[in-house]
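Reading through the structure tokens given below for one structure.
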Amino acid sequence: MLAGTEDHLVNYVMRRLIQAAVIMFLLSILFFALVNLAPGGPLSGYGQARKLPPEQVARLKRQLGLDQSLPFQYMVWLVGNDWIKVDLDGDGIPDSYGTRHGILRGDFGFSFRNRKPVMDEIGIRLPNTIYLMGVTILVSLIVAIPIGVISAIKQYSFFDIFVTTFAFAGQALPDFWLGLILILIFYVWLKNPFTGEPLLPAGGIFTANAPFSITDWIAHLILPVTAGALGWLAWYSRFLRSSMLDVINQDYLRTARAKGLSQTRIVFKHALRNALIPLVTLVALDLPYIFGGAVFIEMLFSWPGMGLLYYQSALQRDYPVLMAILIIGGIAIILSNLLADVLYAYLDPRIRYS
Amino acid sequence: MDQNTFKKLELLPDRLLEADNTVRIVWKRFRRHSGAMIGSVVLILLILGSLLAPLSPYDPDESHVLERFQTPSLQHPLGTDALGRDLLTRILYGGRISMTVGLLVVGITLSIGVTIGAVSGYFGGLIDNVLMRITDAFLTLPSLLVLILLSALLREVDIPLLQQSSVLTIGVVIGLLSWMTFARLVRATFLTLREMDFVTASRSLGASPLRIIVRHILPNAIGPIIVESTLELGYAIIEESGLSFLGFGIQPPTPSWGNLLSNAQENFIRYPWLSIFPGLMIFLSIISVNYIGDGLRDAFDPYKVLQTVGEV
């Protein structure tokens, strides 16, 4: 990169982050409003609240601060209430300092479901999702890159036509249906010839109460990763094929060929490197959607990650958890967009920030 | 389309630029795309099937406990479900729901997206800036998660029209979260076209902005809009079925492909056909729509017209 671009980069990233903060602020208001304007209010998800006598509900509302105005509640949600007196015992008189730190300080409150801090729960679940989806992305790229390259070099060959058709079908396969079919084939129908057990496990990260074994962990990955990766794999191989085709026909490759470079060197050193640039950007842009797919995959394969947590929380109206995951999801989208822009400019020296 | 495209188009014989000829060329080129043709046939069959669903001898909702879990046979080509209802009949009725939601979503995204894109691109300046920041904000929403939250919330709300029909609710919710592609697409076309001479000409003749937008600029964007609408139909079908699969979409007893799949889950180890066929319908409709979109994109591509000008 040219001298001075680092300054541009820092300026550009700073400006984008400020924009992102504004958008996140608006989104936080939107999510807060959605949950609080919900029928029955946020208490509708609070366990047995519907069956309590009215005076107890009123007391609970005072204790949770739900008797305050919405803007005030929003402020408490954002910055916490450990600096103001609140009515903890619900007798109508503010007596002691609050305990909430607010989401700006990483406190998303307590889950309605198990009364534990939301962040603790997310701290346990998030690594599981990153693990599953990380492997999914890795597998889809490792398979898609050679497929895309070969179909581009051998355009209109049998391999190319077969793969292109297959990729088209792969993109149209709903991952939840594919997951069901995979469970049916590899868990229900096919059995391990030695033990008579199902060929592949269809739930969880590892076998409970068994000593750690790497094969067990890998076996548990196969079905959920296949179900999650196939669609992305299809999409990336198609994308790489067309970006390889764009590159292959450019002048500098003709020059390379004229210089007598070998085909392998041309394809991998010159063409692939340039064709990968848009792919890297695309993967960065897709990250949130790949993680979004975790809702289906984790639900089907009982994978204790964020997607399953969101699904269970939505079923039980566990609003504090839902809000936390929505906010994290929004931040993830903004950051991956920014990452895509920065990567693109970094990898392609023709791009300049403005 | 950029200026270059227009320059190249001018090189074409005049007859190719006439409107009715354009339709003919597009159709001719579309017909040659075998994937798109097969896709169209499959999609038409699916639509016909769901339209003709009432011809089935079975009622989609009435249960016959004695006939539950029958394997596929001549009487019940796709077998029966846990309540003894004919699966084929329910799939055909489910197709009505999935297609209706799909068309509803396309209608909503088109009206919001095209309006915002056209206004933004034509007027530019502050309006453009504000509208595009709103579009950006919508693009930042984790759409699947918001979709789940909204459908879970709306199920409880007492809005008269929405209460009675989960089809309408789901269609509106998906539509409100997916118009952004249209807005950007249409805006981009308007940004290039509003500087062209024919726009200046009609402005100097006293045409109102509305007339220029609708009569003069919009028709030039029709190709990409049609292609995008087709693909949007596919997205909508997959989103509806995903949402129904999770239990936040169309509620039983009304059948949709997604909730048929979800209901089949309890018994699918012993009765796998219950989950195979509804999923197959989702797959078939999405792949057809994608092929049709692909064929339309090729057919509308002006560069392709140039390359194959000898053929036309």
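Brief remarks follow.
- Of all residues in the range B:267-282, at least one satisfies being without any contact (Cβ under 8 Å) to a residue 12 or more places away in the chain and assigned to a helix (DSSP H, G or I).
- Unique residue being away from chain A (no Cβ under 14 Å), more than 24 Å from B:PHE123 (Cβ to Cβ) and touching a helix residue (DSSP H, G or I) at 6+ places or on another chain (Cβ under 7 Å) when the list is B:VAL199, B:VAL167: B:VAL167
- Number of the condition not met by A:SER243 [criteria: (1) of a type outside the set (Val, Ile, Thr); (2) within 14 Å of chain B (Cβ to nearest Cβ); (3) in contact with a Leu (Cβ under 8 Å, 6 or more places away or on another chain); (4) buried (at least 19 other Cβ atoms within 10 Å of the Cβ)]: (2)
- Failed criterion for B:GLU195 (all others in (1) out of contact with any His (no Cβ under 7 Å at 6 or more places or on another chain); (2) modelled with pLDDT under 90; (3) assigned to a helix (DSSP H, G or I) hold): (3)
- Residue in the range A:268-283 that is closer than 28 Å to A:THR165 by Cα and of a type in the set (Phe, Trp, Tyr) present: yes
- Taking the listed residues B:GLY107, B:GLY95, B:GLY113, the one that is away from every other protein chain (no Cβ under 14 Å), closer than 30 Å to B:LEU55 by Cβ and crowded, with 23+ Cβ neighbours inside 10 Å is B:GLY95, with no other qualifying.
- Residues satisfying the stated conditions in the range A:95-121, i.e. in contact (Cβ under 8 Å) with a residue 24 or more places away in the chain and either assigned to a helix (DSSP H, G or I) or touching a His at 6+ places or on another chain (Cβ under 8 Å) (or both): A:ILE103, A:LEU104, A:ARG105, A:ASP107, A:VAL118, A:MET119, A:GLU121
- Any hit, the range B:69-77, residues being in a helix (DSSP H, G or I) and surrounded by fewer than 18 Cβ atoms within 10 Å (Cβ to Cβ): no
- Qualifying position, being touching a helix residue (DSSP H, G or I) at 6+ places or on another chain (Cβ under 8 Å) and surrounded by fewer than 18 Cβ atoms within 10 Å (Cβ to Cβ), among A:ASP82, A:ASP95, A:ASP107, A:ASP89: A:ASP89
- Scanning the range B:271-285 for residues that are more than 25 Å from B:SER166 (Cα to Cα) and either surrounded by 21 or more Cβ atoms within 10 Å (Cβ to Cβ) or within 9 Å of chain A (Cβ to nearest Cβ) (or both) turns up just one, B:PRO272.
- A:ALA229 falls short of the stated requirement of being surrounded by 13 or more Cβ atoms within 10 Å (Cβ to Cβ), over 22 Å from the mean Cα position of the chain (by Cα) and within 18 Å of A:LEU178 (Cα to Cα).
Let's see how each residue does on (1) surrounded by fewer than 13 Cβ atoms within 10 Å (Cβ to Cβ); (2) under 25 Å from the mean Cα position of the chain (by Cα); (3) not hydrophobic (A, V, I, L, M, F, W, C):
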position	(1), (2), (3)
A:VAL163	no, no, no
A:ASP175	no, yes, yes
A:GLY179	no, yes, yes
A:VAL188	no, no, no
A:THR195	yes, no, yes
A:PRO198	no, no, yes
A:ALA208	yes, no, no
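- Residue, farthest from A:MET24 (Cα to Cα), within the range A:101-136, restricted to residues that are touching a Phe, Trp or Tyr at 6+ places or on another chain (Cβ under 8 Å) and aliphatic (A, V, I, L, M): A:LEU132
- Boolean, A:ASN114 is at pLDDT 80 or above, surrounded by 17 or more Cβ atoms within 10 Å (Cβ to Cβ) and more than 29 Å from A:VAL22 (Cβ to Cβ): no
- So B:ILE225, is it closer than 15 Å to B:GLY113 by Cα and part of a helix (DSSP H, G or I): yes
- Pairs with Cβ under 8 Å, 6+ apart, first in the range B:135-147 and more than 8 Å from chain A (Cβ to nearest Cβ) and touching a residue at least 60 places away in the same chain (Cβ under 8 Å), second surrounded by 21 or more Cβ atoms within 10 Å (Cβ to Cβ) and part of a helix (DSSP H, G or I): B:LEU147/B:VAL173; B:LEU147/B:ILE174; B:LEU147/B:GLU239; B:LEU147/B:LEU243
- Residue within the range B:168-183 that is free of Cβ contacts under 8 Å to residues at least 40 places away in the same chain, surrounded by 15 or more Cβ atoms within 10 Å (Cβ to Cβ) and among the hydroxyl-bearing types (Ser, Thr, Tyr) present: yes
- Lone unmet requirement of (1) more than 14 Å from chain B (Cβ to nearest Cβ); (2) in contact with a Leu (Cβ under 9 Å, 6 or more places away or on another chain); (3) outside any helix (DSSP H, G or I) for A:GLY203: (1)
- Matching residues in the range A:161-191 - criterion: being in a helix (DSSP H, G or I), without any contact (Cβ under 8 Å) to a residue 40 or more places away in the chain and more than 9 Å from chain B (Cβ to nearest Cβ): A:ILE161, A:PHE162, A:ILE185, A:PHE186
- All positions within the range B:46-85 that are small (Gly, Ala, Ser), touching a residue at least 40 places away in the same chain (Cβ under 8 Å) and on the phi < 0 side of the Ramachandran plot: B:GLY49, B:SER50, B:ALA53, B:ALA82
- Unmet requirement for A:THR281, which otherwise passes all of (1) surrounded by 15 or more Cβ atoms within 10 Å (Cβ to Cβ); (2) outside any helix (DSSP H, G or I); (3) away from chain B (no Cβ under 13 Å): (2)
- Of all residues in the range A:340-352, exactly one satisfies the criterion of being in contact with a helix residue (DSSP H, G or I) (Cβ under 7 Å, 6 or more places away or on another chain) and within 14 Å of another protein chain (Cβ to nearest Cβ), namely A:ALA340.
The values are calculated or read from the model by the stated rules, or taken from the named source; none is laboratory data. All values reported here derive from a predicted model rather than from experimental measurement. Note that we place each Cβ from the backbone using ideal geometry, even for glycine, and neighbour counts take in every protein chain shown.
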